[in-house]
Every structure is written in structure tokens, then in C-alpha cells.
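Step one of this worksheet: look at the structure below.
Every number here is computed from the coordinates shown, using simple stated rules; none is lab data. These numbers come from a predicted model, not from an experiment. No Cβ is skipped: glycine too gets one built from the backbone with ideal geometry, and neighbour counts run over all protein chains shown.
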């Protein structure tokens, strides 16, 4: 009978023999897929120089060079369908063609889109409108756009003379005037007041808790319209502190004691809030004289008179607390992009970007890391949102000038240019990542382009 110990010895010897390396050239250990594709490739010992490192192209696949243009737009006769190249299939059910035409990259996204990203588009046209005698207001917040956690907005219209009644907010209010002239009036906690007429393209800003009012002047027969931006995502215009609402909920004898007048003085106070109401246009821009003086830093800023920086494919001008000193929580840029040009690939270090498209057509792809990317199409009147640090671009996909606002909850404007970053990185390191030639490396720019022209 064979002894058990003899069997164990034989088994161990067989195991060691199978594990021993073959006595052959080291190239034979290279996978067949690599050695057949790159005959000269050899396995390098650990600790070799950079020049002998395996190129990135041999470790992962390369990106395809197939174009990913939008497949249609509002003016083309192409019928929208859920097909891009060999991918997708015809839509068989009912569709909303006007929406599909405005959003080609929703129905037939570029093949570079991947993973998931919350919706980053909201048209004001989808916001519920509050109609009042003298004007209207509609808002956007996390209730309709959950991704927009840091900022929210209101689009408001006032007929000539109409007033957005005296009020204040828990949050700061930043505004951009779209049409007409709006007179603002405010008083700070130190009793210093301010009155100014704010024209199209100009701004105002009220710190949180600052009481103020808004009134359309008679300069424009249509009155005024403006965009309000608040430095929180869940702001609601319906939760504003209103003068008439407060007085209607204070016992009249308390009002009399506070103002040291007879209770009869309050018989004309509305029992409900006015919110927006008609009135005669203001006749003067002069503020009542305050013994405390006027505010140290104006609540308005003539942004329309700031000279824009002309760029290769458009223009840009920036406003933040370095120029509009009172605006401590909101910074902004107004950007124009000519047809075929684009706001370059970039990101903002820590700030979310709230965008408002004033004119033209745009396409934006947001890169959210971990292979998540999604493309959105925008038209005039749309709101866009990019969370902080996420890479993106803004491309003009129309035939007219694209103009939009970039707004941030910060005291200064900041962005990081992909092109500039690569240009200021050691070139051998860039080559190791991307395989760029010396010619491509030489075309990287060490100064931000901000907007680049057509390729």
C-alpha cells in the first residue's frame, strides 16, 4: 500500500513545478493583444525613466472622434426622434414636438453623455405666475429645480407707477433690470436712506433684512421688468415680510401707541397685503433728508455703463464686491458669445453657477465626475444651473449673438480655465496624460480666453 506521506510529497513537488516561471524571453509574458498590436513593446523593469513608461493609449481605450452635434433645432424641418447614428429607436407614442425641438440633446443626447445628473434647466415660462393689479411675478426655486440649492429667482413686471410694496427678506436680493426704469428706495439699520432710478442692464442689491420698495417710473410706457436673485435656493416670494401684511396683524391700539397718533389714523390701512399695486409714477429721485445721512455704499450699480472686455468669440464683463461694494453675497458676469463660438471649458472652484439666458440659443454639457455628464439646451428666458466645481462650457448653437448672465453666491467672481491650467502644467505631464504633440502643446494658452471663436 502506498503510504500517505509519499502522496503528499508528490503532490507538493507537482505544485512547485507548475508555479515555476518558464525559461523564455521576457517578451513572451506580454499579453497577445498588446504584442500583436505593438510588436516592439517589451515589459520594462520597475523603476525605469518616464520615457519608457507605457503610453496612456496602451492602458485604456481612446476617445472616438465622431461628431456629436445637436441633430435639429426649432427652425429646422427635421422631425425629432430618439435616434443618434445606430443608437435608439423611433418614438411610437405621443410626443410634445415643440419641447423636443427646443431640446435635441434630451431626446437624442450626444454619445459623450453618461450616468445621471439632475435636471439643470428651468424655463420661466413653466413657472406659475401671480397676477396682480399693476403687474405680475413668477419664481424659480428648489421646489421646481431641486439642483439649484444655493440661489433662487423671481421674474417681476410692473406697469408705469406700479409699486412692489415696502418689504424686506431674510435673504439678500440682487437684481438685473431687463426693460424700463425701476426706482428703488431703501433704508439701512443705521437710518441712512437711499433712492435711485435703475435702468436696463443695471443692478441693485439689498443686504438681508434691509427694508425697500420697487416702483416703475413713467420713462417707459410699458413700465419695467427685472430679474431678482436671492442667495438661498428655497426662497419663496410668498414668504416676504410686507408692510401692509404686518400692520393688518397688529392690534390697532398698539399701532397707535407705537406711532403716537389716534387710532383713527389707521382706518385706511388695508386688511390684506397689497404686494403689487398701481400708483402714480415717482416725480423725483430725491430721497427724504435723513439726519443720519445716506448709505455709505450705494444699493445700485450702473452695470450697463461698464465697458465689456472684447474677446475672440464674444465679450465679458464682471461685477462683484470689488466694484459693487455693497454686494457681498452675489457676484456676476454678463457674457456674449457669437455664432459658432463658445464660453471655454471651465469650472468655478467652490461656487454654484445660476445662469439666465437673455438672448440666443445655447448648449451646455455639465461634467459631474465619476463619468457622469449630461447636455442641456437653452433658449432666451431659461434658467441654467451648474453645481460648484463641475466642469462645463456654453456653446452658441444659434445664428444670433448669445447673451447670458453667470451669477454666483460669493463676494468675488472666480473661474478656472481648462486651457490655461494645461498650459501652465509641465508639458511632459500633459503629454503623458493626453498624448498631445508638441504642436498641440504650443497652442495651449497661458492667459484665459474666456470665450473662444469657432474652430
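Points worth noting:
- Distance between segment 106-165 and segment 212-243 - C-alpha centres, whole angstrom: 15
- Cα-based convex hull, segment 116-207, per residue volume (Å³, whole number): 122
- Once the Cβ-Cβ distance of residue 283 and residue 308 is raised to the sixth power relative to R0 = 45 Å, the FRET efficiency obtained is 0.85.
- Take each peptide in 114-121, 286-293, count the other Cβ atoms within 10 Å of every residue, and average; sorted highest first, the result is 114-121, 286-293.
- Counted residue by residue at 0.36 nm each, then reduced by the alpha carbon distance between them, the extension gain from residue 125 to residue 208 reaches 27.1 nm.
- Segment 294-365: C-alpha gyration tensor shape, a/c 1.5 cut-off, then a/b vs b/c: prolate
- The calculated P(r) of segment 127-301, using every Cα pair and 5 Å bins from 0, goes 1, 8, 15, 19, 20, 17, 11, 6, 2, 0, 0 in percent.
- Relative to the longest principal axis of the Cα atoms of the chain, helix 4-19 runs at roughly 70 degrees.
- Only DSSP H runs of four or more residues enter the estimate; each adds -39500 (n - 2.57), and after division by the residues of the chain the mean residue ellipticity at 222 nm equals -3500 deg cm²/dmol.
- Compared with the rule-of-thumb size 2.2 N^0.38 Å for a compact globular protein, segment 306-452 has a Cα radius of gyration ratio of 1.07.
- Cut-off 11 Å (backbone N to label point 7 Å along Cα→Cβ of residue 259), residues of segment 265-302: 265-270
- Residues residue 437 and residue 239, FRET efficiency given R0 of 51 Å [Cβ-Cβ distance, rounded to 0.05]: 0.30
- Whether segment 344-403 is rounded, prolate or oblate, judged on the alpha carbon gyration tensor where a/c under 1.5 counts as rounded: prolate
- Working note: Cα atoms of the chain, range along each principal axis, descending, whole Å: 121, 60, 52.
- P(r) histogram, all alpha-carbon pairs of segment 244-319 included - 5 Å bins from 0, percent: 3, 10, 11, 10, 11, 17, 12, 7, 6, 5, 4, 3, 2, 0
- Separation in nanometres of the label points that stand 7 Å from Cα toward Cβ, at residue 416 and residue 87: 2.8
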